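Participant: Please see the structure below; I have some questions.
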Amino acid sequence: MKGVDLEGIRVISCDVFDTLLRRNATAEPGRVRHVAERAAAMLLRERGLLVSKEALWRARRNVQHLAYRALDMADPTGEVTFDALVQGMALSLGLGPAEAQVLARAEIEVERTQLAPNTSLLTWLNRRACEGIRIIAVSDTWHTAATIRGLLDDLAEGHPIAKVYTSADLGATKRTAAIFPKVVDAEDVPAGAFLHIGDDAQADERMARSAGLRPHRIFAPRLVILERRLDAARARLARKMPER
């Protein structure tokens with residue numbers, strides 16, 4: 001974190017995924033398939049239900065697509081919630097509330113296996129916290145702050161995050177900049193006294209700047225980016241191949 005201007009900064013807000021916690025080289029399609037595999041195994045073991053991983057994968061894809069399409073029409077600045085997603089999946093598969101909870105736990109279990117702490121950033125943030133700067137997390141995610149807090153506590157022990165804000169809880173996202181004024185109001189600190197750190201050029205850099213925060217963009221390792229692209233390409237190829 002060389003060359004970061006902290007003059008006048010009282011709060012550092014950080015993105016979570018691929019910033020505080022870095023994902024591995026598995027691209028989104030592969031991650032969703034891993035969740036489907038885990039959920040199928042858990043439903044069979046815990047509920048005695050045989051649901052194919054393909055059915056779970058299709059349900060997740062379709063419900064997620066429809067949920068975001070409806071959100072774009074009704075509230076473009078809002079966010080889909082994780083509870084709504086898993087409940088929609090369960091309903092589409094003819095499953096009940098207990099099974100929806102299994103789907104939710106499968107997702108979090110896979111998240112834990114594919115996330116790792118960004119130790120260099122967390123070390124730097126701990127030093128800033130010792131200097132009296134407040135450290136918070138601001139994430140565009142369908143998860144609640146409690147879930148994100150749990151992931152941070154489990155995977156990044158000793159982290160300096162004092163407060164977590166999520167788009168699901170606040171009904172506003174970074175990608176439209178709508179979440180930033182809500183966070184600024186909640187922290188009761190002027191926007192100009194915030195440094196926002198994240199990996200996304202639109203949500204974490206341009207939108208943060210438009211809301212008056214001072215942005216600082218970080219990047220995933222090039223090898224990880226390349227491996228994710230290869231993983232996504234393999235997933236696209238697998239979808240095109242006929243089943244035997």
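Participant: If you take the residues of the stretch 181-219 that are charged (D, E, K, R) and without any contact (Cβ under 8 Å) to a residue 60 or more places away in the chain, which of them is surrounded by the most Cβ atoms within 10 Å (Cβ to Cβ)? It would help to see each step written out before you state the result.
Facilitator: To start, the set of residues in the stretch 181-219 that are charged (D, E, K, R) comprises 182, 185, 187-188, 199-200, 204-206, 209, 214, 217.
In the following step, the residues that additionally are without any contact (Cβ under 8 Å) to a residue 60 or more places away in the chain were identified as 182, 185, 188, 205-206, 209, 217.
Details: 182: 16, 185: 10, 188: 7, 205: 19, 206: 16, 209: 14, 217: 16.
Restricting to residues being charged (D, E, K, R) and without any contact (Cβ under 8 Å) to a residue 60 or more places away in the chain, the top hit is 205.
A quick yes/no check of all residues on (1) at pLDDT below 95; (2) surrounded by 15 or more Cβ atoms within 10 Å (Cβ to Cβ); (3) more than 30 Å from residue 49 (Cα to Cα); (4) in contact with a helix residue (DSSP H, G or I) (Cβ under 9 Å, 6 or more places away or on another chain):
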{"position": "95", "(1), (2), (3), (4)": "no, yes, no, yes"}
{"position": "100", "(1), (2), (3), (4)": "no, yes, no, yes"}
{"position": "106", "(1), (2), (3), (4)": "no, yes, no, yes"}
{"position": "123", "(1), (2), (3), (4)": "no, no, yes, no"}
{"position": "126", "(1), (2), (3), (4)": "no, no, yes, no"}
{"position": "134", "(1), (2), (3), (4)": "no, yes, yes, yes"}
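Participant: For residue 83, all conditions in the list (1) over 14 Å from the mean Cα position of the chain (by Cα); (2) in a helix (DSSP H, G or I); (3) surrounded by fewer than 16 Cβ atoms within 10 Å (Cβ to Cβ); (4) at pLDDT 95 or above hold save one; what is the number of the exception?
Facilitator: Here residue 83 clears every test but (4).
Participant: Filter the stretch 150-170 down to the residues that are of a type outside the set (A, V, I, L, M, F, W, C) and buried (at least 17 other Cβ atoms within 10 Å of the Cβ), then identify the one that is farthest from residue 18 (Cα to Cα).
Facilitator: Taking the stretch 150-170 first, the residues of a type outside the set (A, V, I, L, M, F, W, C) are 150, 153-154, 157-160, 163, 165-167, 169.
Of the ones still in play, those that are also buried (at least 17 other Cβ atoms within 10 Å of the Cβ) are 159-160, 165-167, 169.
Working: 159: 16, 160: 17, 165: 16, 166: 15, 167: 16, 169: 20 Å.
Checked the stretch 150-170; the qualifying residue farthest from residue 18 (Cα to Cα) is 169.
Participant: When the stretch 20-67 is examined, which residues are found to be within 20 Å of the chain's Cα centre (by Cα) and either exposed (fewer than 14 other Cβ atoms within 10 Å of the Cβ) or of a type in the set (S, T, N, Q) (or both)?
Facilitator: Within the stretch 20-67, 24, 26, 28, 62, 64, 65, 66 qualify.
Participant: Which of the residues spanning the stretch 50-80 are in a loop (DSSP other than H, G, I, E, B), within 15 Å of residue 142 (Cβ to Cβ) and of a type in the set (A, V, I, L, M)?
Facilitator: Correct list: 80 only.
Participant: Right, next: Which of the residues belonging to the stretch 86-102 are part of a loop (DSSP other than H, G, I, E, B) and in contact (Cβ under 8 Å) with a residue 40 or more places away in the chain?
Facilitator: Those that are part of a loop (DSSP other than H, G, I, E, B) and in contact (Cβ under 8 Å) with a residue 40 or more places away in the chain: 93, 95.
The values are calculated or read from the model by the stated rules, or taken from the named source; none is laboratory data. Quick caveat: nothing in here was measured; it's all calculated off a predicted structure. Because the Cβ atoms are built from the backbone with ideal geometry, glycine has one as well, and the counts that use them run over all protein chains shown.
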